[in-house]
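Student: Quick one: the structure is below, and I'll ask about it shortly.
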Amino acid sequence: MMKKRQLLIAIGLAGLGLLSQGQALAQADYPNKPIKLIVAFPPGGTSDVMGRLMAEEVGKVLKQAIVVENIAGAGGIVGMERALKLPADGYTIIQTGVGQSAVAHGLDPNLKYNSLTDFIHLSQVNSGPNVLVVHPSQPFKTVKDIVDYAKKNPGKLDYGFTHAASGHMAMELFKQTTGIFMTGIPYKGGGPMLNDLLAGTIPMFFLNQDAVLPHVRAGKLRAIAVTSKERNPLYPDVPTVAEAGYKGFDATSWSGLSVAKGTPQPIVDKLEAAIAQAMQSASFKQRLTSVGFVIPPTGSKHYNAFLKSELDQWTRVIKAAGIKPE
């Protein structure tokens, strides 16, 4: 009986050894099949464009196809939840970003995921400012002009916003920082809102730099300020909000790449290195900088610290503004 038991234990240990060897071989061979990249927003938007660019560039480095799957809904929350239901084997990458990874926590403290503990954040990929733009018919030329008018006429100055978008968050931070009260006009998307501003129906809003750039260059919109800490290369003559006297103001749109917690460390290391290499390519740099995005520091250490700071900031802003989920 004892010998039989010892034999069973030996067979079990041998099986575990073979299993661990198999896992090691699988990790060493990674990736040996296409990888899925979940973009938690619909096709065609900035997030989708960025996801497809990263899929192309990282796929070149790994010599394996990376297929984008758009899983939209609830401001990116549906895609994040979906990513956590799939195996943590490195064959599912999730595009994380300001909306689904930071703003969402401020809107709903009872999310089904925790951005800080349920994911391994590989690298931030891009950062771009929102731009405070006004219709040319408006008299405002500077941040001071807007603040002075709003303080003298509380509630009489309107602005457009898309609920919980980075431009909405930038405006809430702007109002809280400057101590002004303005009236928000809600829109279902940035496209209709932009059309109304171009038509002069609304006087102003904050929107991503890539969306407003052609209209600013054409003189159809006037750029008042950018929300990044430093001036943007494509808006060299447009000051930052911080330069207008509000030191430390920072409200950018950004995204990065992450995987589910539990992904084997050798695979995590390989993905992190591949992303860093892809972000050094001339084609990647040219395509980002041509539309005003800034390339941030690479790697998980920077991205984890940055994501936490963003989550903390937007949770505070949302709480102070009393913003609720739609």
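Student: Using a 1.4 Å probe and ignoring any ligands, DNA or RNA, find the accessible area of M171 and quote it in Å² to the nearest 10.
Tutor: Counting only protein heavy atoms, M171 exposes about 0 Å² to solvent.
Student: Please compute the modelled spin-label separation between N110 and A218, points set 7 Å along Cα→Cβ, answer in nm with one decimal.
Tutor: For the pair A218/N110, the computed spacing is 4.6 nm.
Student: Take the Cα gyration tensor of the range 223-305, multiply each eigenvalue by 5, square-root it, and list the three semi-axes largest first, rounded to whole angstrom.
Tutor: Working: eigenvalues 189, 54, 13 Å².
Ellipsoid half-lengths, sorted descending, are 31, 16, 8 Å.
Student: For the chain, with every protein chain kept in place, what is the accessible area per residue (1.4 Å probe, Å²)?
Tutor: Details: 15400 Å² over 326 residues.
That works out to 47 Å² per residue.
Student: Over the Cα atoms, compute the radius of gyration (one decimal) and Dmax (the largest Cα-Cα distance, rounded to a whole number) for the range 81-188, in Å.
Tutor: Looking at the range 81-188, its Cα Rg and Dmax stand at 18.4, 58 Å.
Student: Separate question: Output the direction-averaged projected area (hull surface divided by four) of the convex hull of the alpha-carbon atoms of the range 166-216, in nm².
Tutor: Values: hull surface 15.0 nm².
It is 3.8 nm².
Student: Could you look at the chain and say what percent of its accessible area is carbon and sulfur, using a 1.4 Å probe and all protein chains?
Tutor: Numbers: 8890 of 15400 Å².
It is 58 percent, rounded to a whole number.
Student: Using alpha carbon centroids, what distance separates the range 25-47 and the range 158-194, in Å?
Tutor: 33 Å
Student: Another question, then. Rounded to the nearest 500 deg cm²/dmol, what is the calculated helix-only ellipticity per residue at 222 nm for the chain, with -39500 (n - 2.57) per DSSP H run of length n ≥ 4?
Tutor: Values: 11 runs with 142 residues, N = 326.
So the calculated ellipticity at 222 nm is -14000 deg cm²/dmol.
Student: Could I have the simple spin-label model distance between V78 and A199, label points 7 Å from Cα toward Cβ, reported in nm to one decimal?
Tutor: Calculated label separation equals 2.8 nm.
Student: So how many Å³ per residue does the convex hull of the Cα atoms of the range 124-283 work out to? Mind dumping the intermediate values first?
Tutor: Values: hull volume 22.1 nm³, N = 160.
Given the Cα convex hull of the range 124-283, per-residue volume reads 138 Å³.
Student: Please list the three semi-axes, largest first and in whole Å, of the ellipsoid equivalent to the range 27-149, using sqrt of 5 times the eigenvalues of its alpha carbon gyration tensor. Could you put the intermediate results ahead of the total?
Tutor: Values: eigenvalues 241, 70, 29 Å².
Ellipsoid half-lengths, sorted descending, are 35, 19, 12 Å.
Student: Given that compact globular proteins tend to follow 2.2 N^0.38 Å, what is the ratio of the alpha-carbon Rg of the range 207-250 to that value?
Tutor: Values: Rg = 10.4 Å, N = 44, 2.2 N^0.38 = 9.3 Å.
Ratio of Cα Rg to 2.2 N^0.38 Å: 1.12.
Student: Determine Rg/Rh for the chain; Rg is computed over alpha-carbon atoms and Rh is the Kirkwood hydrodynamic estimate from the same atoms.
Tutor: On the way: Rg = 23.1 Å, Rh = 21.3 Å.
That ratio equals 1.08.
Student: Which entries of K112/K261; K85/K319; K151/K229; K156/K188; K141/K229 show an alpha-carbon separation above 18 angstrom in the structure shown?
Tutor: Numbers: K112/K261 14 Å; K85/K319 30 Å; K151/K229 25 Å; K156/K188 22 Å; K141/K229 20 Å.
Beyond 18 Å between Cα atoms: K85/K319; K151/K229; K156/K188; K141/K229.
The values are calculated or read from the model by the stated rules, or taken from the named source; none is laboratory data. Small disclaimer: the values here were computed from a predicted structure and weren't measured. Glycine gets a Cβ as well: all are built from the backbone with ideal geometry, and neighbour counts include every protein chain shown. Just the protein is used for accessible areas: all its heavy atoms, side chains included, with ligands, DNA and RNA removed. Shrake-Rupley method; radii C 1.70, N 1.55, O 1.52, S 1.80 Å.
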